[in-house]
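> The following block contains the structure, expressed as structure tokens.
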Amino acid sequence: MTIKKVLVLPGDGIGPEIVTEAVKVVQAMALPIEWEYGLIGGSAVDAVGIPYPETTQQLARAADAVLLGAVGGPKWDPLPRFQRPEQGLLAIRKDLGLFANLRPAVLYPPLVGASTLRPEVVEGLDLLIVRELTGDVYFGEPRGIEMRDGERVGFNTMIYRESEIRRIARVAFEAARRRRRRVCSVDKMNVLETSQLWREVVEEVAREYPDVTLTHLLVDNAAMQLVRAPTAFDVIVTGNMFGDILSDEAAMLTGSIGMLPSASLDGAGKGLYEPCHGSAPDIAGKGVANPLATILSAALMLRYSFGWEEEAAAIERAVRKVLADGRRTPDIAAAGEPVVGTAQMGDAVVAALR
Ligand code: IPM
Ligand code: MG
């Protein structure tokens, strides 16, 4: 195994606490990894005035993978846009070309009671959202707020190039080949030209994958089907904004957004790994945050960036075991169930690895 360089960006809020547990778990496996640390988000704004400092950029470019906690918090809300912590996240995604965001939503059987949906609706849930991450209305130009005819006007541009659609579609079809061979593409083609092109290009790509079944859903209907019959989905492929929204919805199907990992990939092995949830400022520093989404993100890092499949699977098995053993942070505990803190959960995963 060659030595891999991991840049750790704890970020804000609960970020440092949950990242500590993920690093603890990976370090317990004694793998050839060199760890480096950097600043991003609000903590970077506090230290140097911008959310994605040049030193972080250099470390990120030199690293084989990035493990990130979360960014943002009310403290930085009043700042101008370029200083908002979220801009750090958007900047690193764009800078590293991380166009493919994989968000697997899996229901762990012991947590079936933690979902707000009835057990028979969510039982067996195992879907993968493939979200395009470096395009769409998130990055489209022109954008801004300006005066027109004596009033303020805000505007953004929803835009996709066919090359961007094609490459994310390929990621989805390839992923489907390793799963149940079904792709559902989500768009809003009854209203938007970007979506019309999206659908056309996804259909073109589908011809290269005759063994995979492609269906389409309009995004409003997709949101409904996700709570009506979520187990009908295998791979969902969609644009940046629809993917942002649908992945939070999918997260709740599993009981808690504290369970959802993510991988953002550049298509050449480099990746950024982070939980889907945010910085949860309300519980930051209390030692109660659920570190499992970050620990599972670290597993994805071993798998996708380093090709260490066995080690990744070992972490995932350990997480299943601690859940089966009844370890619960408050977000996934049923009423009256005893709970553990962030560090205890990390320790439990380490113990389960053995
Ligand atoms: C996510 C988050 C980010 C996004 C925010 C923090 C910019 O919601 O990763 O889903 O919208 O992409
Ligand atoms: Mg989001």
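None of the figures in this text is laboratory data; all of them are computed from the coordinates on show. Remember, it's a predicted structure, so these values are computed and weren't measured experimentally. Reconstructed Cβ throughout: ideal geometry from the backbone, glycine too, with neighbour counts over all protein chains shown.
> Of Ser163, Ser305, Ser185, how do they rank once you tally other Cβ atoms within 10 Å and put the fewest first?
With the sparsest Cβ surroundings first, the list reads Ser163, Ser305, Ser185.
> If packing is taken as the mean number of other Cβ atoms within 10 Å per residue, what is the order of 290-298, 201-209, 343-351, highest first? Numbers along the way, then the final one.
On the way: 290-298: 27.9, 201-209: 16.0, 343-351: 19.6.
My ranking of the peptides, most packed first, is 290-298, 343-351, 201-209.
> Neighbour counts of other C-beta atoms within 10 Å: give me Ile159, Ile3 arranged from fewest to most.
Lowest to highest Cβ neighbour count: Ile3, Ile159.
> ³J(HN,Hα) across the range 91-98 via Karplus (A = 6.51, B = -1.76, C = 1.60, θ = phi - 60°), whole Hz, x for Gly/Pro?
5, 5, 4, 5, 4, 8, x, 7
> Right, here's the next one. May I ask for the distance between the Cα centers of the range 124-175 and the range 255-333, given as a whole number of Å?
Comparing the Cα centres of the range 124-175 and the range 255-333, I get a distance of 25 Å.
> If I model a spin label as a point 7 Å beyond the Cα along the Cα-Cβ vector, how far apart are those points for Glu146 and Glu337 in nm?
Distance between label points: 5.3 nm.
> Give a residue-ordered list of calculated ³J(HN,Hα) values for the range 106-116 (Karplus: 6.51 cos²θ - 1.76 cosθ + 1.60, θ = phi - 60°; whole Hz; x for Gly, Pro).
The phi angles translate into 10, 8, 7, x, x, 9, 4, x, 7, 6, 7 Hz.
> Could you work out [θ]222 nm for the chain from helices alone, using -39500 (n - 2.57) per DSSP H run of at least four and dividing by all its residues? Round to the nearest 500 deg cm²/dmol.
-12000 deg cm²/dmol
> Among the listed pairs Lys4/Lys321; Lys270/Lys321; Lys75/Lys188; Lys94/Lys270, which are separated by more than 24 Å between their Cα atoms?
Working: Lys4/Lys321 28 Å; Lys270/Lys321 29 Å; Lys75/Lys188 35 Å; Lys94/Lys270 13 Å.
Flagged as over cut-off: Lys4/Lys321; Lys270/Lys321; Lys75/Lys188.
> Go through Ile236, Ala312, Met147 and say which Cα lies farthest out towards the positive end of the charge dipole of the chain; charges sit on Cβ, +1 for Lys and Arg, -1 for Asp and Glu.
Highest projection toward the positive end goes to Ala312.
> Might you report the magnitude of the Cβ-based charge dipole of the chain about its Cα centre, with Lys and Arg at +1 and Asp and Glu at -1, to the nearest 20 debye?
Value, rounded to 20: 600 debye.
> Please state the shape class of the range 68-131: rounded when a/c is under 1.5, otherwise prolate if a/b exceeds b/c and oblate if not, all from the C-alpha gyration tensor.
Because a/c hits 1.5 or more and a/b fails to exceed b/c, the range 68-131 counts as oblate.
> Can you tally the net charge around Leu39? Count Lys and Arg as +1, Asp and Glu as -1, for every other residue whose Cβ sits under 13 Å from the Cβ of Leu39. Mind showing how you got there, number by number?
Numbers: positive: none; negative: Asp12, Glu36, Asp46, Glu54.
Within the 13 Å Cβ shell, the charges total -4.
> Gap in Å between the Cα centre of the range 86-100 and the Cα centre of the range 1-69?
Cα centroid of the range 1-69 versus Cα centroid of the range 86-100: 14 Å apart.
> Determine the sum of side-chain charges near Pro230: Lys and Arg each +1, Asp and Glu each -1, restricted to other residues whose C-beta is under 13 angstrom from that of Pro230.
-3
> A further question follows. Please compute the net charge surrounding Glu309, taking Lys and Arg as +1 and Asp and Glu as -1 over other residues with Cβ under 13 Å from its Cβ.
Summing Lys and Arg as +1 and Asp and Glu as -1 gives 0.
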